[in-house]
Amino acid sequence: MPLIKDSQIVEDVWTSLDDGAPLAPGVWPIVSLERWQAERETLMEAGVPIGLRLRSDQSPRAIAEELEHFGVIALAFPKFTDGRPYSSARLLRERYGFTGELRAVGHVLRDQALFLLRCGFDAFEVAPDTSPDAWRAALAKIKVRYQSAADHRSTAGRLSRKAVRPAQARTPALSLEPEPCAASWAY
Amino acid sequence: MYRYDEFDHTFVEERVAQFREQVARRLSGELTEDEFKPLRLMNGLYLQLHAYMLRVAVPYGTLSSQQMRKLAHIARRYDKGYGHFTTRQNIQFNWPKLEEAADILAELAEVEMHAIQTSGNCIRNVTADHFAGAAADEIEDPRVTAEVIRQWSSLHPEFSFLPRKFKVAVTGASNDRAAIKVHDIGLQMVRDARGRAGFKVIVGGGLGRTPLIGETIREFLPKRYLLSYLEAILRVYNELGRRDNIYKARIKILVKEIGAKAFAEMVEKEWQFLKDWDVDLPDEEFARIQAYFAPPPFDDLPAVTASFEAQRFENRDFARWVRNNVDAHKAPGYAIVTVSLKPEGGVPGDATAAQMEAVADLAARYSFDEIRVSHEQNLVLAHVRQADLYAVWQGLIAAELASANAGLISDIISCPGLDYCNLATARSIPVAQRISRRFADIERQHDIGGLKLKISGCINACGHHHVGHIGILGVDKKGQEFYQITLGGNADENAVLGRIVGPAFSYDTVVDAVETIVDTYLGQRRNGEAFNQTLARVGFDPFKEKLYAPH
Amino acid sequence: MTAQIVTANRLGDGAVIYLGRDDIWGERLGGAAVARSQDEAAALLARAEAPAHRTNVVGPYLMDVIDEATAPRPASNRENIRALGPTVRSDLGRQAEIPGRR
Ligand code: SF4
């Protein structure tokens, strides 16, 4: 599956491992929650960064204390209408302060791009024929937003009505956003 | 009322442009129907029995005259000359073309309207008391709250793919005219011991397949925490609401399964994290929105208007209309007018383009340019001087909108049913029409008194039949239309679900059955009891005996 | 087996349409091609779902009809109403064009 980050298709440095599949030297694995819980010690001793995969019915609340071990967390959408990963993403970013890559996998459509981004996702595994241009275009369509979310964290004295802006601090590599809306009314 | 600023305009215009492009992609074949369907639904465009149907949001049921004229224009230009006002305070057009849908949305955007979030598993149009800002029993105008929620919920990134649709209703008064106990969230404005305004929060009400009355999970929520608290509720629901079974996916099922107390605890816990995050509106933003709902400049009038009293004395028809369709206003010398969309033999909630324009004109002239849509499928002119009531009445007569039946048995709520709706199992409109003809005699209706009759054409209960004093549900029995009758329901602050009286009635006999129920009530009634009071006293048996007695 | 025809809505305006014998969609139910066996029904639906129709037709499905000598008639209430228009508005839908129905 192509991986979109920073509005480009990028090479995926991670490998999603099935539960039975062996670890290989030099491979950065993304493992299921079950495997993480069962093989925690082995995985941590493997000497490579570890990624975690959560199904939409697995809450990140369960691993809130362990986030420092993960370089990437992949949140799976079994279908695009399953909205649980949006909550998971916001929890990870806003409450638990996860700073690694937050990846949307599964049924990920560009019509959802803006929602994903706003909830704190910064990487998207997309269908093979997806063009990054289409993603960029989808994001550019709606520039305004009414509520605060994980993509913007300043809290002091701000209004909630904003133009979508590049995310701050914790997702520095993000550039999937449309042009910031410069008009003064946006703030 | 609320006016779009540049931000809101941009938001809606971007959506129109986006949808125009999506329609073009569909018409050219670039998008399949499977891909396109969710996109058109996000813009309120359904495919019904005969054609597309466009559901336009009327936020908290408030319209300006200009907006109403635009709806009339759309009805005439893009549809077949009429529209249907729904129990969700929205309007539906029954015959729009896909090819023109984006044009319609662009026309709507010109008057600050849209069809966003009138479909799908998102937070739907927020409804409110249709007497907001005028009712004598009001703590605060609930539309401020509703508008705040509207903005917060618009394209909410986290809550646009909930387990199921989500409906919020707000009332600012203790008399509940917004049916808040049968919504996913009901908010009632209350004051705490120190006199500060806040909300009582009710969760998990709803009708449909599993009707439930909502449970109070918080007696008092300070106003400033509105959004963080809603966000906590929605997050708990988004994470834990059932997604394996569409019939069990509403929040009411979650609340019922884990219990209101446990649900409340989860919400409180989540809220502790959210309350001092940046979800809540800063005071100045709240004040900005509040300013739009400042009371109109009422004149200082005496409480009693002599000319009005004289007109009422001299003209019995006018007096009758006043008695039923006019309510007390909080400002002295003013009154609230209910414009009945339930003429004898008519389609409940339907209005022609000419009627919409007539109401728009009356509102512009006599009611500070403002119109309300009620969940009972009527229109409301909320701020009419008593001295102008006669002229308003004359205007309504000319537009065939002067039925003096608000709150009476012929003021029937009816969903579109099988005449329009793809999900229907039976027709509902013709049943409403026949009942209104059967009880055409207005004296008789008065004698019966206030009585809420509500009809749905399928188990989805858009016609709120469970909470009608008399409720009628259309069902299909081997290809024949049958009607199940419930008695004793109520949608107000004492909300209760009706109970099924017995076996269903055929299309031909259902009107007789209603008449039998009414006659039984009249026979049993003591000292001016309301229908539900008599029912509570005598029980179902006298009704059953009359309904199912062998002939 | 009950006789069946294929109906759908036209993409552009949503109008109720039926698949005719010549593979052309029309608003007249009387002109619909009738399937009288399971196989015929499956073949008819397959024709309706052919890629060529996807840009002008939405949601084709089989519906039961009463197969009369002159022309088929809808077997269900719902399809009757779809075919003719709302029973509460005889001025709308196809019924408005049929003489003597108003
Ligand atoms: S209650 Fe059923 S028939 Fe009536 S409008 Fe709702 S879905 Fe349609």
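Can you give me the distance in nm between label points at A:Arg95 and B:Arg526, each placed 7 Å from the Cα along the Cα-to-Cβ direction?
5.6 nm
Probe radius 1.4 Å, ligands and nucleic acids left out: which of B:Met1, A:Met44, A:Met1, C:Met63 has the largest accessible area, and how do the rest follow? Mind dumping the intermediate values first?
Values: B:Met1 60, A:Met44 85, A:Met1 145, C:Met63 5 Å².
Putting B:Met1, A:Met44, A:Met1, C:Met63 in descending order of accessible area: A:Met1, A:Met44, B:Met1, C:Met63.
Take every DSSP beta bridge with both residues inside the protein assembly as shown and express the antiparallel ones as a percent of the total, to the nearest 5.
Numbers: 75 of 107 bridges.
In the protein assembly as shown, DSSP labels about 70 percent of beta bridges as antiparallel.
Taking a temperature of 10 °C and a viscosity of 1.306 mPa s, what whole-number D in µm²/s does Stokes-Einstein yield for the range B:423-551 with Rh from Kirkwood over alpha carbon pairs?
On the way: Rh = 14.8 Å.
Rounded to a whole number, D works out at 108 µm²/s.
Answer with one residue from B:Ala310, B:Phe540, B:Val126: the one whose Cα lies farthest towards the positive end of the charge dipole of chain B, charges on Cβ with Lys, Arg +1 and Asp, Glu -1.
After comparing all options, I get B:Phe540.
For chain C, take the longest principal axis of its alpha carbons; what is the angle in degrees between that and the long axis of helix C:38-48, to the nearest 10 within 0 to 90?
80 degrees
Rg(Cα) of chain B divided by 2.2 N^0.38 Å? Intermediate values should be presented prior to the final figure.
On the way: Rg = 22.9 Å, N = 551, 2.2 N^0.38 = 24.2 Å.
Dividing the Cα radius of gyration by 2.2 N^0.38 Å gives 0.95.
List the lysines whose Cα lies under 27 Å from the Cα of B:Lys269, skipping any in the same chain that are fewer than 8 positions away.
Output for B:Lys269: B:Lys165, B:Lys167, B:Lys181, B:Lys200, B:Lys223, B:Lys248, B:Lys252, B:Lys256, B:Lys261.
Run the quick spin-label model on B:Glu110 and C:Asp39: label points 7 Å from Cα toward the beta carbon, then report their separation in nm to one decimal.
Modelled inter-label distance: 5.9 nm.
Check C:Arg54: other-chain or 5+ apart residues with amide H under 5 Å from its amide H, H built from backbone geometry?
Distant-sequence amide H within range of C:Arg54: zero hits.
How long, wide and thick is the protein assembly as shown, going by the Cα atoms along their three principal axes, in whole angstroms, largest first?
94, 79, 52
Percent relative contact order of chain B, based on C-alpha pairs within less than 8 angstrom and at least six residues apart?
12 percent
Step through the residues of the range B:491-501 one at a time and calculate ³J(HN,Hα) from phi using the Karplus curve (6.51 cos²θ - 1.76 cosθ + 1.60, θ = phi - 60°), rounding each to whole Hz and writing x for Gly and Pro.
Along the range B:491-501, the couplings run 10, 8, 4, 9, 3, 8, 8, x, 10, 5, 7 Hz.
So for each of A:8-17, B:447-456, B:414-423 I average, over its residues, the number of other beta carbons within 10 Å; can you give me the resulting order with the highest mean first? Don't skip to the end; give the middle numbers.
Details: A:8-17: 14.8, B:447-456: 22.2, B:414-423: 25.2.
Highest-to-lowest ranking by the protection proxy: B:414-423, B:447-456, A:8-17.
What order do you get for B:115-124, C:18-27 when each peptide is scored by the mean count of other beta carbon atoms within 10 Å, highest first? The partial results should precede the final answer.
Working: B:115-124: 22.4, C:18-27: 15.7.
Highest to lowest by the protection proxy: B:115-124, C:18-27.
Using the Kirkwood formula over every pair of different C-alpha atoms, what hydrodynamic radius in Å results for the range B:306-398? Walk me through the numbers on the way to the answer.
Values: mean 1/r = 0.0745 Å⁻¹.
Averaging 1/r across every pair of different Cα atoms and inverting gives 13.4 Å.
With charges only on Cβ, +1 for K and R and -1 for D and E, what is the dipole size of the protein assembly as shown about its Cα centre, in debye, rounded to 20?
Working: 103 positive and 110 negative charges, 262 e Å.
Approximately 1260 debye in magnitude.
Looking at the range B:387-494, what % of its DSSP beta bridges pair antiparallel, to the nearest 5?
Here the antiparallel bridges make up roughly 55 percent for the range B:387-494.
Given labels modelled 7 Å from the Cα in the Cβ direction, how far is it in nm from C:Ser90 to B:Ser174?
Spacing of the two 7 Å Cα→Cβ label points: 5.3 nm.
How large are Rg and Dmax for the range B:218-274 when only the alpha carbon atoms are used, in Å?
11.7, 36
Largest first and in whole Å, what are the equivalent-ellipsoid semi-axes of the range B:134-291 based on the Cα gyration tensor, each being the root of 5 times an eigenvalue? Please report the intermediate quantities before stating the final value.
Values: eigenvalues 118, 65, 43 Å².
Taking √(5λ) for each eigenvalue gives 24, 18, 15 Å, largest first.
What are the equivalent ellipsoid semi-axes of the range C:3-76, built from the alpha-carbon gyration tensor (square roots of five times its eigenvalues), in whole angstrom, biggest first? Display every interim value, and only then the final one.
Working: eigenvalues 72, 38, 18 Å².
Result for the range C:3-76: semi-axes of 19, 14, 10 Å.
Taking all protein chains together and a probe of 1.4 Å, list B:Lys342, B:Lys37 from the most accessible to the least accessible.
Working: B:Lys342 5, B:Lys37 95 Å².
Descending order: B:Lys37, B:Lys342.
Can you give the helix-only mean residue ellipticity at 222 nm for chain B, where every DSSP H stretch with n ≥ 4 adds -39500 (n - 2.57) and the sum goes over all residues, rounded to the nearest 500 deg cm²/dmol?
Computed ellipticity for chain B at 222 nm equals -11500 deg cm²/dmol.
Need one number: the % of Cα-Cα pairs in the range A:77-136 sitting beyond the 20 Å mark. Let's see the in-between values first.
Details: 379 of 1770 pairs.
Tail of P(r) above 20 Å: 21 percent of Cα pairs.
With +1 on each Lys and Arg Cβ and -1 on each Asp and Glu Cβ, how big is the dipole of the range B:368-516 about its Cα centre, in debye rounded to the nearest 20? Don't jump to the answer; show the numbers that get you there.
On the way: 12 positive and 17 negative charges, 88 e Å.
That gives the range B:368-516 a dipole magnitude of about 420 debye.
Have a look at the range A:71-105 and report residues whose accessible surface goes down by 50 Å² or more when the remaining protein chains are included, against the chain on its own, probe 1.4 Å, ligands and DNA/RNA excluded.
When all protein chains are present, A:Arg84, A:Ser87, A:Arg90, A:Glu94, A:Arg95 each give up 50 Å² or more of accessible surface.
The values are calculated or read from the model by the stated rules, or taken from the named source; none is laboratory data. For clarity, every value in this text was computed on a predicted model and none was experimentally measured. Methodologically, a virtual Cβ is constructed for each residue, glycine included, from the backbone with ideal geometry; neighbour enumeration extends over all protein chains shown. These accessible areas exclude ligands, DNA and RNA; they are computed on the full protein's heavy atoms, side chains included. Shrake-Rupley method; radii C 1.70, N 1.55, O 1.52, S 1.80 Å.
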